[in-house]
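Input: a single structure, listed below in structure tokens.
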Amino acid sequence: MPQIAQLGEFYSSQIFWLLIFFGITFFVVGRGMVPKVMDTVASRDNQIAADLKAAEAARAQADAEEASWRTRENANRASAQGTIADARAKAAAAAEQRLAVAQASIDATLAGAETRIAEARRAAADDIETVAAEATRDIVSRIAGLSLGDDAVRGAVKENLVHG
Amino acid sequence: MAAEAKLDPMHQFQLEKLAGADWNIAGYNIAFTNSALWMAIATLALIVFVAGGMKRQLVPGRWQMAVETFTGFIDGMLAANVGKNGKKYVPYIFSLFMFILFANFLGLMPLGVLGVHAFTFTSHFSATGVLAVLSFSIVLIVGFAKHKLHFFSLFVPHGTPALMIPIIFVVELISFLVRPFSLGLRLFVAMMAGHVLLEVLSSFVISGGNNGPIMFAIAGIPSFVLMVGICALELLVAGIQAYVFALLTCVYLNDAENLH
């Protein structure tokens with residue numbers, strides 16, 4: 001077994017070179033490089049955490065903005081509805097008013113026409129009465145030879161016209 | 001006889017001086033051996049690997065992802081075993097884990113095909129022992145620096161009856177002192193056993209082939225099939241042993257860091 005057989009001859013060399021090369025490993029790799037590698041890992045972890053946090057904040061802000069936009073939108077919609085209802089009411093009122101004016105003028109025209117018709121009817125009735133009275137007096141004077149007073153004839157005609 | 005010597009399964013653990021046979025520090029020889037060479041290769045490979053993951057991109061590429069997976073793995077292991085205070089041990093545990101992992105894997109590389117013989121220095125307890133003692137020393141230093149002599153209360157678990165304290169103390173002390181040995185020997189034994197097994201099986205394939213087609217069919221081919229499976233198992237063991245070494249160091253550090 002060379003490990004034991006050669007121990008006396010080589011132990012100092014083994015110990016010396018192991019310490020030298022492990023020392024180099026420790027100081028160059030362990031102390032020199034490993035901290036930098038771990039720094040890289042740590043900074044990456046930090047950056048990922050920060051990015052995640054930023055993304056989370058951005059999402060929260062987006063949510064808040066959407067909520068405020070929704071509120072604004074709802075308010076706008078409500079005010080638009082109000083405006084429409086207002087305009088509709090106003091238009092309805094204006095139409096009603098114009099209708100009322102037209103109705104009034106139509107009513108006035110109707111009333112005037114009725115009055116005129118009534119007058120014409122009365123005038124026509126008078127004419128008919130007059131004609132009827134003259135005709136009656138002529139008939140009476142010719143047939144009966146009576147000469148009746150104007151008023152008597154007219155009264156009799158009026159009575160007959162009224163009672164038909 | 002020469003053929004038999006070649007099939008010595010322990011030959012692969014032989015240390016050879018490659019340079020500096022006469023280099024000495026205070027009388028101790030520090031020749032540059034094949035073991036030291038593979039330590040150097042493991043170190044270099046590890047530096048290249050981690051350096052490749054230092055692009056520091058926000059969106060990591062494959063290589064960067066691989067390196068970050070390893071650092072994250074060590075970080076998670078320390079967080080789970082030691083807690084918040086464990087963060088400062090990441091460089092050490094990472095170096096330990098990756099150094100052992102690279103050593104184990106490099107030792108399993110099929111470089112023999114190219115005529116290069118991979119040497120697994122983690123199959124020498126003179127190497128794993130250094131790492132174990134290093135981990136154990138850190139535990140001791142941290143423990144005594146942080147808790148002073150109160151660290152000895154580690155050897156008296158909660159709720160021990162007063163009568164039992166002396167015995168329990170001794171038992172716990174022994175189990176504590178055994179830690180560096182078990183830590184170093186576990187890795188060394190696992191690595192050596194796996195390599196010996198592979199070598200023995202491969203010698204079956206070669207010997208079977210040398211003894212004619214019938215022996216090759218009976219012994220050689222099944223051994224080869226088994227070898228393929230064992231190779232996969234050894235790759236797993238290489239990872240597991242590195243993990244166990246790092247994990248146990250974490251557990252021991254937890255004792256020192258958070259005295260119960």
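The values are calculated or read from the model by the stated rules, or taken from the named source; none is laboratory data. Because the structure is a prediction, the values reported are computed rather than measured. Here Cβ is always computed from backbone atoms with ideal geometry, including for glycine, and neighbour counts include all displayed protein chains. Calculation scope for accessible area: heavy atoms of the full protein, side chains included, ligands and nucleic acids excluded. Shrake-Rupley method; radii C 1.70, N 1.55, O 1.52, S 1.80 Å.
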Take segment B:179-188 and flag every residue that is under 17 Å from B:Ser35 (Cβ atoms) and either modelled with pLDDT under 90 or within 12 Å of another protein chain (Cβ to nearest Cβ) (or both). B:Gly184, B:Phe188
Looking at B:Gly72, B:Gly76, which is the one that is open to solvent by less than 50 Å² (accessible area, probe 1.4 Å), assigned to a helix (DSSP H, G or I), without any contact (Cβ under 8 Å) to a residue 12 or more places away in the chain and at the interface with chain A (Cβ under 7 Å from one of its Cβ atoms)? B:Gly72
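I'd like to verify a number: residues in segment A:8-32 that are more than 7 Å from chain B (Cβ to nearest Cβ) and at pLDDT 90 or above, how many?
Of segment A:8-32, the ones more than 7 Å from chain B (Cβ to nearest Cβ) are A:8-9, A:20, A:23, A:27, A:32.
Pick out the ones that are also at pLDDT 90 or above and you get A:20, A:23, A:27, A:32.
Selection size over segment A:8-32: 4.
Inside segment B:10-33, can you point out the residues that are in a loop (DSSP other than H, G, I, E, B) and either more than 9 Å from every other protein chain (Cβ to nearest Cβ) or open to solvent by 60 Å² or more (accessible area, probe 1.4 Å) (or both)?
Applying the first criterion (in a loop (DSSP other than H, G, I, E, B)) to segment B:10-33 yields B:10, B:14-16, B:20-23, B:26-27, B:30-31.
Selection gives B:Gln14, B:Glu16, B:Ala21, B:Asp22, B:Trp23, B:Ala26, B:Gly27.
Every residue, every condition in (1) of a type outside the set (S, T, N, Q); (2) buried (at least 20 other Cβ atoms within 10 Å of the Cβ), yes or no:
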{"residue": "B:Met54", "(1), (2)": "yes, no"}
{"residue": "B:Ala66", "(1), (2)": "yes, no"}
{"residue": "B:Gly83", "(1), (2)": "yes, no"}
{"residue": "B:Leu101", "(1), (2)": "yes, yes"}
{"residue": "B:Leu108", "(1), (2)": "yes, no"}
{"residue": "B:Ala118", "(1), (2)": "yes, no"}
{"residue": "B:Val133", "(1), (2)": "yes, no"}
{"residue": "B:Ser153", "(1), (2)": "no, no"}
Consider B:Ala36 against the criteria (1) more than 9 Å from every other protein chain (Cβ to nearest Cβ); (2) part of a helix (DSSP H, G or I); (3) within 18 Å of A:Gly8 (Cα to Cα): it satisfies all of them except one. Which criterion is unmet? (1)
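For segment B:235-257, which residues satisfy the criterion of being surrounded by fewer than 22 Cβ atoms within 10 Å (Cβ to Cβ) and over 29 Å from B:Ala145 (Cβ atoms)? Break it down into steps so the answer makes sense when it comes.
In the first step, residues of segment B:235-257 are kept if they are surrounded by fewer than 22 Cβ atoms within 10 Å (Cβ to Cβ); the result is B:235-237, B:239-240, B:243-244, B:247-248, B:251, B:254-256.
If the condition is that a residue be surrounded by fewer than 22 Cβ atoms within 10 Å (Cβ to Cβ) and over 29 Å from B:Ala145 (Cβ atoms), then B:Leu235, B:Leu236, B:Val237, B:Gly239, B:Ile240 are the ones that fit.
Is it the case that segment B:180-194 has a residue that's among the charged types (D, E, K, R) and touching a Phe, Trp or Tyr at 6+ places or on another chain (Cβ under 8 Å)? Don't jump to the end; show me each part of the working.
First pass over segment B:180-194, keeping only residues among the charged types (D, E, K, R): B:186.
If we keep only those that are touching a Phe, Trp or Tyr at 6+ places or on another chain (Cβ under 8 Å) as well, we get B:186.
Yes, that holds for at least one residue.
Residues are listed down the side, and each one gets a yes or a no for (1) farther than 30 Å from B:Leu185 by Cβ; (2) loosely packed, with under 14 Cβ neighbours inside 10 Å; (3) touching a residue at least 12 places away in the same chain (Cβ under 8 Å); (4) more than 9 Å from chain B (Cβ to nearest Cβ):
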site: A:Gln6; (1), (2), (3), (4): no, no, no, no
site: A:Val34; (1), (2), (3), (4): no, no, no, no
site: A:Val37; (1), (2), (3), (4): yes, no, no, no
site: A:Thr40; (1), (2), (3), (4): yes, no, no, no
site: A:Ala64; (1), (2), (3), (4): yes, yes, no, yes
site: A:Arg72; (1), (2), (3), (4): yes, yes, no, yes
site: A:Val101; (1), (2), (3), (4): yes, yes, no, yes
